[in-house]
1. From the phi angles alone, apply the Karplus equation (6.51, -1.76, 1.60; θ = phi - 60°) to segment 348-365 and give each ³J(HN,Hα) in whole Hz, x where the residue is Gly or Pro.
2. Is the shape of segment 256-295 rounded, prolate or oblate, going by the alpha carbon gyration tensor and its root eigenvalues a ≥ b ≥ c, with a/c under 1.5 for rounded and a/b larger than b/c for prolate?
3. Just the number, please: carbon plus sulfur as a percent of the accessible area of segment 143-207, 1.4 Å probe, no ligands or DNA/RNA counted.
4. Give the calculated FRET efficiency between Ala177 and Thr350 to the nearest 0.05, with a Förster radius of 45 Å applied to their Cβ-Cβ distance.
5. What fraction of the Cα pairs in segment 137-230, stated in percent, has a spacing above 17 angstrom?
6. Starting from the amide H of Tyr283, placed 1.01 Å from N in the peptide plane, find each other amide H under 5 Å away whose residue is 5 or more places distant or on another chain.
7. Going by average Cβ density within 10 Å per residue, which order do the peptides 361-367, 213-219 take, highest to lowest?
8. With a 1.4 Å probe and every protein chain kept in, tell me what percent of the accessible surface of segment 282-345 is carbon plus sulfur.
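The values are calculated or read from the model by the stated rules, or taken from the named source; none is laboratory data. Given the structure is predicted, the values throughout are model-derived calculations rather than measurements. Heads up, the Cβs are rebuilt from the backbone with ideal geometry, glycines too, and the neighbour counts pull from every protein chain shown. Only protein heavy atoms, including side chains, enter the accessible area calculation; ligands, DNA and RNA are left aside. Shrake-Rupley method; radii C 1.70, N 1.55, O 1.52, S 1.80 Å.
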Amino acid sequence: MSDDLEKNLRDHLHHEAEEIREFPRRLRGRIREGIAPRARAHMAPQLALAGALVLVAFAVLAVRSPQVILNDVRSTVTQIFTTPSPSPTPQPFICSDRSGGTTGLPGQLTGIRVAHHAEAPGFDRIVFDFSGGIPSYDLTRQQSPTFVKDASGQSVTLDGSAGIKLIFRDADVQAVADDQKPSLPAVREIAQLGNFERVLSYGIGLSSSQCVRVLELANPTRLVVDIITSPSATASPAPTPLPTVPEATDLGPFSCQDRGGGSDTGPAMLLTDVRVAHQVAGYDRIVFQFAPPPGAAAHLPAYTVSRQASTKFVKDPSGMEVTMRGSSGLRIVFHGASGADSYTKSRDITPGLPVVQEIEQIGDFEAVLSWGAGLSRSSCIRTLELSNPTRLVIDVQTP
């Protein structure tokens, strides 16, 4: 240890010892004794003493300026833990259909953004922004840009020569354009195909059949669909045959007879929703949605849909008579179902549609649930049994 360094250290520690009045007098005396000049012949004891004095100096600084010490420690820890990690290896493009998201997780689509990325491999990127989580989805590639709209069954042809259909389940949309035509190298057009019964679907018109990459991102929540554009890029695995688009969805014929179905097995199903809407394809749609009680499997309860020539119904179990709007009616009875504790919306709905004028609950007793529908005219009907979630759909034909 040089003479100047030793002298400076002794002077500094002597000054600090004088400043710290909280130290006992005896301790200050020991510090002074420790920093008194000694013969340089005893180097080993002096080195040990120097190390101890450094520790004392650190303690003194910590007492006098704790924030300085904390800042130094915080800075060191930050440097250790904020070292950038290596970028993840990009996922490969896949020439097959994709599925993902979270089943039963509701999501709201808030935006759709499209852009071309020129970096190798080149690709067009579609970003679906969601508030909340990413709902369950299916991405299906097809050889044609022609799609079938839900629930009208009408066909629509988008710009391009191939397509992708993307279906989100348990999803809504908020202030998003129904149709976009970015005219990028791969993505030519994006159009909404359906938004009914919380099933949201989009068609994507492509310039040619291409492989895709799907990314589920958070903060914010996004589903990213990349469509490869570089013909020289390698994709894995080899392309799979694409399905041709079917003709307009066959929902079945309308029948001017009573209908029945479902199953009266297991515990009573719980009515959770009743919805009514007009479809431009030529019918009014009534939907009864059910959920199973905790621990039970979902199934559609046994049901009958009976046509009648009047809008008069008898309530169960009171026996009181009720007359609904219209000139004819439908009586819908579920066996093994109840909405007493699970259904919280109106039990008397007056949508005033072309045919369906009113729907009212007329009974919920001993797991027998019944509703009546007042119609503006006698009409043929069609029933659909749907799952995920469990629903009975009654389509009433309009003129």
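1. 9, 10, 10, x, x, 7, x, 10, 6, 9, 7, 9, 9, 6, 10, x, 7, 8
2. oblate
3. Its accessible area is 42 percent carbon and sulfur atoms.
4. That gives a FRET efficiency of 0.85.
5. On the way: 2188 of 4371 pairs.
Percentage above 17 Å: 50.
6. Thr398
7. Averaged packing, sorted descending, gives the order 361-367, 213-219.
8. Here it works out to 52 percent.
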